[in-house]
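Structure, as structure tokens:
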Protein chains: 2
Amino acid sequence: MELTRRDFAKLGALGLASQAMPPVLAQAGGRKIGYCVIGLGRIADHFMRGTKDSSTSQITGLVSGHRDKALKIAAQYGVPATSIYSYEQMEAMHNNKAIDAVYVALPNSMHAEYTIRSAKAGKHVLCEKPMATSVADSEAMIAACHAAKVKLMIAYRLHYEPTTLKAIKLIRDGAIGKVQSINSANGFNIAKGEWRINKPLSGGGPLMDVGIYSLNATRYLTGEEPSSITASVSTEDHDGRFDTVEENTSWTMQFPSGALASCSTTYGASMPGFYRVYGSKGWLEVTEFGYQNLRLRANYRTGEKGSAPTILDEPNTELDPKQFTREVEHMTECILNDKTPQTSGQEGLRDMRYMQQIYKAAGITVL
Amino acid sequence: MELTRRDFAKLGALGLASQAMPPVLAQAGGRKIGYCVIGLGRIADHFMRGTKDSSTSQITGLVSGHRDKALKIAAQYGVPATSIYSYEQMEAMHNNKAIDAVYVALPNSMHAEYTIRSAKAGKHVLCEKPMATSVADSEAMIAACHAAKVKLMIAYRLHYEPTTLKAIKLIRDGAIGKVQSINSANGFNIAKGEWRINKPLSGGGPLMDVGIYSLNATRYLTGEEPSSITASVSTEDHDGRFDTVEENTSWTMQFPSGALASCSTTYGASMPGFYRVYGSKGWLEVTEFGYQNLRLRANYRTGEKGSAPTILDEPNTELDPKQFTREVEHMTECILNDKTPQTSGQEGLRDMRYMQQIYKAAGITVL
């Protein structure tokens, strides 16, 4: 059974849903759930370090095109050389009992293929965001995991992160009153040569990679799905970086309550991630969508006009890779307790649909 | 001759254009330029206090429907009772040599009538923003002032304000590199009974009153005129406040350079004014569009990648009504030196056109 947005909202309101679940090692007979990492890039490193810190999860396999690199990493994480696979032969993991699940950390356009192959190999799948590069691929991933009776979770790590959950809880509890408007931005100045600016690999520009944080935030903050979208895209730099993807995207969304969100993303400028939520009783803001240094600020008045406002300024001191530990432990919980992840394939599919609507609204053809 | 946006950009880049002008009292033979205030509401109070602090300008007349209130204010500012006019008889100021100009501080829909009547009475006009409630009215105001050979300035006080001018100068000097994206918001939770939520008086919702700050900022920050606009409006509260105007507006603009702006405004939430400009070398932010407490923050790197960034955090300690002093002194400069105000009728007309385009993009019928 899928958790609905409403369920998620309730879980959030009940306080840090992912933490509220029971200890799981008992169900696993004391064994940690084993993850095979597919793709050994930067984010995989964060994930592996986060998993190493976990009491419920561990790295038990690697899939890479560079065996030397993989052997080095395998040694660090205690993965036997026999659990290192090439991309071509990864189906062999089917018989590897130490591997319960995979973590797909490949360029976006490969998410579908490797999710589907992993599902067919009988492994649960934790897949990075964006889920895929098209709605059709996303649906195929969901169908494949359903058919193989394996879990599919999209790695929206902030859904398991305390500052984010506190912001959601404050809003659900009515602290800032009725949400009227949201601003959000997230972007960076990208280097030449990154796969992220190669559309066949990325599926799109900064929206797919970092704008998705703003998009997803507006949905978890409001607890609603957008009912209409307008958007603009542009490219200023003609230096070879933006031959296949756009440089900037800004968009507005309207939610059924009437709340409006305006969001920006870029690959051409320094744009520290943030969202600010404006309500009838005050506002709250979270800065940083990154792996650490999130900070919650708020200013709201629950009493009469003229009463003293509540002012919050709460830096989150947890360090990277704690967010990844929380994320993998949620996946492990779901595997052991046969639960649907809070950030299931359906959650990834929704963002994929909205991103395509943003592109369509901006006049860009999508698959 | 109209100053173009380019001229204004150059003046800004040369450093605080309004301050760079020569002392003016010599030209006036030592006499301060006299202003008659039309409409004695809240903003008129700021303007009169600001003018009182000026060495070049003074309050010399009042137009009000409440003679008792006007007499009290006249006493405070040394205005003779004979220089107090009713709305009906204000044309009599034509023969009042102590009145050089008027300051129109009435509800938006009355700006056109009182600007045109003042021009016909031979007085220069400083008119509050928004200039009017329609493009046709704005054009009529410009034509009337042109025909009467009087100045028309729209009271965009931030064009004369040091923190704003520094932000513009930093951008023109290339400190943050190529501007890719701008976020801005400005709004508040409006009380019942305000004329601002009565469309026949205001011409529209928060966009006309406070969103115009974000709109105008994106233009002075980029030094460009928007080439396309998308927008959404909504109303959540059905408590009698929003029977004639919308509660929320969010919009995106694209500029010829490719820079994108996403802006929000509301009458239903606490939304402290700000803009943040994202460039290829860093970002800058100004918080507050109000009468004091502006603050400039910036973080940019002019050297090589890896070099130390320049980090600015500069609170502006000038207190209200200093912005109004700067504003009126610019008008006085223009009167004495026969110059076109930097924020001329054309500047007001541009914003009026863009506001109408925002409304049209959001599906709202405009005049």
* Within the range B:296-310, can you find the residues that are over 18 Å from B:TYR275 (Cβ atoms) and among the aliphatic types (A, V, I, L, M)? -> B:ALA308
* Structure fact -> Restricted to the range B:289-332 and to residues being outside any loop (DSSP other than H, G, I, E, B) and of a type in the set (S, T, N, Q), the residue nearest to B:VAL102 (Cα to Cα) is B:THR332
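Quick one: which helices (runs of 4 or more DSSP H) sit completely within the range B:103-197 and have at least 2 residues that are within 18 Å of B:ARG297 (Cα to Cα)?
Result: B:162-172.
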* Would you check which residues across the range A:65-105 are crowded, with 22+ Cβ neighbours inside 10 Å and under 30 Å from A:VAL366 (Cα atoms) and list them? => A:VAL102, A:TYR103, A:VAL104, A:ALA105
* Asked: Say we look at the range B:230-254 and pick out the residues that are under 21 Å from the mean Cα position of the chain (by Cα) and closer than 18 Å to A:SER234 by Cα; which of these is nearest to the other protein chains (Cβ to nearest Cβ)?
  -> B:THR252
* **Residue that is nearest to the chain's Cα centre (by Cα), among those in the range B:51-99 that are among the small types (Gly, Ala, Ser) and farther than 19 Å from B:ARG31 by Cβ** => B:SER64
* Structure fact -> From the option list A:VAL125, A:VAL135, A:VAL102, single residue qualifying as modelled with pLDDT of 95 or more, farther than 18 Å from A:THR332 by Cα and under 21 Å from the mean Cα position of the chain (by Cα) is A:VAL135
* **Residues (over 12 Å from B:SER134 (Cβ atoms) and either assigned to a loop (DSSP other than H, G, I, E, B) or of a type in the set (Lys, Arg) (or both)) located in the range B:337-356** => B:ASP338, B:LYS339, B:THR340, B:PRO341, B:GLN342, B:THR343, B:ARG350
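Quick grid of which residues meet (1) under 19 Å from the mean Cα position of the chain (by Cα); (2) modelled with pLDDT of 95 or more:
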| position | (1), (2) |
| --- | --- |
| A:GLY258 | no, yes |
| A:ALA261 | no, yes |
| A:THR266 | yes, yes |
| A:GLY279 | no, yes |
| A:LEU284 | no, yes |
| A:TYR291 | yes, yes |
| A:ASN299 | no, yes |
| A:GLY303 | no, no |
* Asked: When you scan the range A:107-139, how many residues do you find that are surrounded by 22 or more Cβ atoms within 10 Å (Cβ to Cβ), within 25 Å of A:TYR213 (Cβ to Cβ) and among the hydrophobic types (A, V, I, L, M, F, W, C)?
  -> 6
* Tally of residues being within 15 Å of A:ASN248 (Cα to Cα) and either surrounded by fewer than 24 Cβ atoms within 10 Å (Cβ to Cβ) or in contact with a Cys (Cβ under 8 Å, 6 or more places away or on another chain) (or both) across the range B:259-275 -> 1
* Given (1) touching a residue at least 40 places away in the same chain (Cβ under 8 Å); (2) touching a strand residue (DSSP E or B) at 6+ places or on another chain (Cβ under 8 Å); (3) under 25 Å from A:MET271 (Cβ atoms); (4) crowded, with 17+ Cβ neighbours inside 10 Å, number of the condition A:ARG295 does not satisfy -> (4)
* **Inter-residue pairs, beta-carbon under 6 Å, first in contact (Cβ under 8 Å) with a residue 24 or more places away in the chain and in the range B:298-310, second among the basic types (Lys, Arg), 6+ apart** => B:TYR300/B:LYS281; B:PRO309/B:ARG301
* Kindly provide the set of residues from the range B:171-189 that are among the hydrophobic types (A, V, I, L, M, F, W, C) and surrounded by fewer than 22 Cβ atoms within 10 Å (Cβ to Cβ), ordered by number. => B:ALA175, B:PHE188
* Asked: Tally time: how many residues in the range B:298-323 are crowded, with 17+ Cβ neighbours inside 10 Å and either closer than 29 Å to A:ILE176 by Cβ or within 10 Å of another protein chain (Cβ to nearest Cβ) (or both)?
  -> 5
* **Residue match in the range B:357-365 (condition: assigned to a helix (DSSP H, G or I), at pLDDT 95 or above and out of contact with any strand residue (DSSP E or B) (no Cβ under 9 Å at 6 or more places or on another chain))** => no
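The values are calculated or read from the model by the stated rules, or taken from the named source; none is laboratory data. The structure presented is a predicted model; accordingly, all values stated were derived computationally and were not measured. All Cβ positions, even for glycine, are placed from backbone atoms using ideal geometry, and neighbour counts span all protein chains on display.
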